[in-house]
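K.L.:
Pasting a structure here, questions to come.
The values are calculated or read from the model by the stated rules, or taken from the named source; none is laboratory data. Here the structure is a predicted model, which means the values were calculated and not measured. Every residue, glycine among them, receives a Cβ derived from its backbone with ideal geometry; neighbour counts consider all protein chains shown.
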Amino acid sequence: MKSFEAFVTVILLIFLVPPLSISLVLDTITQNRPIHDGDVLLSDQKTFALGFFSPAKSRFRYAGIWYNKVPQQTVVWVANRDNPINDTSGVLAINSHGRLIIYAKNQNSALWSANVSVSSEESSSASVAKLLDIGNLVLLQNNSTGRSYVRWQSFDYPTNTYLPLMKLGLNRKSGLDRFITSWKSADNPGTGNCTYRMDLTGYPQMLAYKNRVPFWRAGWTGPRWSGVPTMINRFVYNASFVNNQDEISITYAIINNSDSVFLRFVIEESGTMQQFMWHDQRQEWVEFWYAPNDLCDNYGRCGGNGNCDLSDVSRFECVCLPGFEPRSRTSWDLRDTSGGCKRMRAGSHMCGDGEGFLKVTRVKLPDTSNARVEMGLNLRECKEKCLKDCNCTAYTSVDETTDGVGCLSWHGDLVDIKTYTDTGMDLYIRVDETTLVKVRKSKDLFGDTLGLKYMEEAGLDDSTNDSDVPLFDLHTIVVATSNFSLDNKLGQGGFGSVYKGMLSNGKEIAVKRLSKCSGQGNEEFKNEVMLIAKLQHRNLVRILGCCFEEKEKMIVYEYLPNKSLDCLIFDEEKRKLLDWRKRFDIIYGVARGMFGYMSPEYAMEGRFSIKSDVYSFGILLLEIITGKKNVTYYRENTDTNLVGHVWELWREGKASEIVDSCVDESFVGDALRCIKVGLLCVQEFAADRPHMSAVVFMLSNDSALPTPKQPAFVFKRSTYTITSEGANSINDVTCSGVEAR
């Protein structure tokens, strides 16, 4: 019986007495007290914890730091990120040399060690590691006087997380460069391909890289990074930028140093940068900032000397800066902006030849890798210095909060500019004398606001000649048109009449004279002039100038002696002059010329529709190929128009029958491809129709085309009506009655 009681006692002791390997909660690591897998090191206020963990679905073990007060484990730092342990035998210890190391019991060498050396005079036994309440693991060392100092800290070697009070940037004394790098995946905290760091080339800025290629950038403007406009709202934290002889770094701190607010900035393996705040009531991390967050956030979206502007969703976000035009118009039309923009007048002299500066407002400043800074200059002195330097392309203030103190100047292409709606800085761009004259004339006519808007769009000019919009005096117009003689009248529309004229130098012109009772006021006139000026293109009628005098409002165009295209394609004899090559050139040229149509909302309010008049282009394309008008009757027993007739033949595989007989048979295949493009443009639902940029792409290569769907308006009307889709069109396409202009 006694032996049985002894046996029970032994069993109870086995279960009640903890084993020697029980997990420990420590406040420090010393040479005699390491951290084993399962042990935890806590900060004083128990905000952070350090120990071994396995991320997500991984079986490997890593030593890391995470939030102790957050229920879901959120790791902010990993020691042995590239050298995991494949079992639970890991130990974080201070070795005999006073160095913090990680080793596994079944391995002879250390898997990780802190980058620190200890001199022979210093006692290794005096080394102690402590976790601070800001998430920083520090290795403290006692010196000969008995005072401790930080020998090493985890904040100097961050992984993928940027915490409050952590510095990113360069320690100029030690050469230590602090930056964050993404994990490889959610299961693998190893060094990934995405990095967020400070670039010290030129004037310092922050850059995010993916596979060593920059994809996001921000420059310091005083209160914030120029790529992070929301930083001005200092409701949770504020940032400070230090640039002195000792270091260049950026740090952010929680306002009022609240212990209850947890913030973290993370670069994900995809490259996305996110900033989170812990929401205690919802018990989850809430994202309150991320980047990139739109097209214009992508580094160099619009190439050199381009500006990315999303304020008007109706147009392409990329525009060239004042005085510049696309380096390749074809590529630009196809939304390939990699070539950027070049000077409009490439041969113009930009050094001591009347050039000056234009201000572009509310922008993210360009890449400062080719920029210089002189803090002792104000904005006026900065302008003078830049003007004297023929290689200086732009300038601005260093700090937007100090009212023009400090000079920042660029010496090369201006890259990665973005326009904001209600923030950003002013940038002064070097332009040639001709561009400056254009601004003065534009401002004289339209005022500062409209004139500046025009110049922001100046990069759309694609003409090879001077694109100024000069002011004609009334006397010149009267003489040129023989006092608006009826013999010179070319036509009349809802807003006025058009007259042929000849200037004193022999140049023929067409003058559109707006009727005094037309209903088109000054604002509508300004909108029309600005629209046409912005849409200067070699495939559109060019505006030569305007007249705004004695209640007269007139626009002067170049005169087209060959009249309208319909005079050729619908004439049995004249259309024989149009072989396939000429017809295709006309189709392609018109496609490239359509940046939009002048809808009533633009004429009256200056707003573009978000979709070009693709349907009208499709009709025109079919008319050019067939030589037939859309309203022509084809069969006595049908009531289809041109679109319906082509559609029927296309479905029957007989579309070649409608190709104009003047087209050589060897080009019928090309004509059939164009017919298919035309049918794609006239599909019933606007959402199915391609954008004009896609049409240009279809016409310029032999790529496969989608199958057209049922066209719209395939039946003839017994009477002429104007159809409107109404204001409720989900595709923002307006079908309006058109008056001759």
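K.L.:
Collect the residues in the stretch 34-72 that are of a type in the set (Phe, Trp, Tyr) and farther than 13 Å from Gly90 by Cα, keeping them in residue-number order.
P.N.:
Selection gives Phe48, Trp66, Tyr67.
K.L.:
Could you please tell me which pairs satisfy a Cβ distance under 7 Å, a separation of 6+ or placement on different chains, a first residue in the stretch 55-75 that is assigned by TED's automatic domain parsing to the domain that holds Asp44 and under 16 Å from Ile85 (Cα atoms), and a second residue that is among the hydrophobic types (A, V, I, L, M, F, W, C) and surrounded by fewer than 17 Cβ atoms within 10 Å (Cβ to Cβ)?
P.N.:
The qualifying pairs are Pro55/Ala186; Ala56/Ala186.
K.L.:
Let me ask something additional. Got at least one residue in the stretch 629-636 being modelled with pLDDT of 85 or more, closer than 20 Å to Ile569 by Cα and not assigned by TED's automatic domain parsing to the domain that holds Asp333?
P.N.:
No; the residues of the stretch 629-636 include none that is modelled with pLDDT of 85 or more, closer than 20 Å to Ile569 by Cα and not assigned by TED's automatic domain parsing to the domain that holds Asp333.
K.L.:
Would you check if Leu50 is closer than 18 Å to Met166 by Cβ and either touching a Cys at 6+ places or on another chain (Cβ under 9 Å) or assigned to a strand (DSSP E or B) (or both)?
P.N.:
Working: closer than 18 Å to Met166 by Cβ: yes; either touching a Cys at 6+ places or on another chain (Cβ under 9 Å) or assigned to a strand (DSSP E or B) (or both): yes.
The answer is yes for Leu50.
K.L.:
Among the residues of the stretch 180-205, what is the count of those that are more than 26 Å from Leu414 (Cβ to Cβ) and in a loop (DSSP other than H, G, I, E, B)?
P.N.:
Residues meeting the conditions: 2.
K.L.:
If you don't mind, there's one more thing I want to ask. List the strands (runs of 3 or more DSSP E) inside the stretch 272-327, counting only whole elements, that have at least 3 residues being under 24 Å from Asn211 (Cα atoms), of a type in the set (Phe, Trp, Tyr) and at pLDDT below 90.
P.N.:
Correct list: empty, since no element meets the threshold.
K.L.:
Can you name every residue in the stretch 108-122 that is surrounded by 13 or more Cβ atoms within 10 Å (Cβ to Cβ) and at pLDDT below 85?
P.N.:
Those that are surrounded by 13 or more Cβ atoms within 10 Å (Cβ to Cβ) and at pLDDT below 85: Val116, Val118, Glu122.
K.L.:
Something else now. Consider Cys390 against the criteria (1) assigned to a helix (DSSP H, G or I); (2) modelled with pLDDT of 90 or more: it satisfies all of them except one. Which criterion is unmet?
P.N.:
Tallying (1) assigned to a helix (DSSP H, G or I); (2) modelled with pLDDT of 90 or more, Cys390 fails exactly one: (1).
K.L.:
Under the condition of being of a type in the set (D, E, K, R) and crowded, with 19+ Cβ neighbours inside 10 Å, which residue from the stretch 356-382 is modelled with the highest pLDDT?
P.N.:
So, considering only residues that are of a type in the set (D, E, K, R) and crowded, with 19+ Cβ neighbours inside 10 Å, the one modelled with the highest pLDDT is Asp367.
K.L.:
Looking only at the stretch 498-515, count how many residues are surrounded by 15 or more Cβ atoms within 10 Å (Cβ to Cβ) and either of a type in the set (Phe, Trp, Tyr) or not in a strand (DSSP E or B) (or both).
P.N.:
2
K.L.:
All but one of (1) at pLDDT 95 or above; (2) in contact with a Ser or Thr (Cβ under 7 Å, 6 or more places away or on another chain) hold for Leu163; which doesn't?
P.N.:
(2) is the only condition that Leu163 fails.
K.L.:
Going by what's in this entry, would Glu325 be described as buried (at least 19 other Cβ atoms within 10 Å of the Cβ) and without any contact (Cβ under 8 Å) to a residue 24 or more places away in the chain?
P.N.:
Values: buried (at least 19 other Cβ atoms within 10 Å of the Cβ): yes; without any contact (Cβ under 8 Å) to a residue 24 or more places away in the chain: no.
Here the answer is no, as Glu325 does not meet what is asked.
K.L.:
When you scan the stretch 414-434, do you find a residue that is at pLDDT below 80, surrounded by fewer than 19 Cβ atoms within 10 Å (Cβ to Cβ) and within 23 Å of Lys553 (Cβ to Cβ), even just one?
P.N.:
no
K.L.:
From the residues in the stretch 484-497 that are in contact (Cβ under 8 Å) with a residue 60 or more places away in the chain and part of a strand (DSSP E or B), which one is surrounded by the most Cβ atoms within 10 Å (Cβ to Cβ)? Show your work before the answer.
P.N.:
Taking the stretch 484-497 first, the residues in contact (Cβ under 8 Å) with a residue 60 or more places away in the chain are 491-495.
Okay, now just the ones that are also part of a strand (DSSP E or B), so 491-493.
Values: Gly491: 12, Gln492: 12, Gly493: 15.
Residue satisfying both the conditions and the ranking: Gly493.
K.L.:
Among the candidates Val70, Val91, which residue alone is closer than 22 Å to Leu24 by Cα, assigned to a loop (DSSP other than H, G, I, E, B) and of a type in the set (Val, Ile, Thr)?
P.N.:
Values: Val91 fails: assigned to a loop (DSSP other than H, G, I, E, B).
Within the list Val70, Val91, the selection yields Val70.
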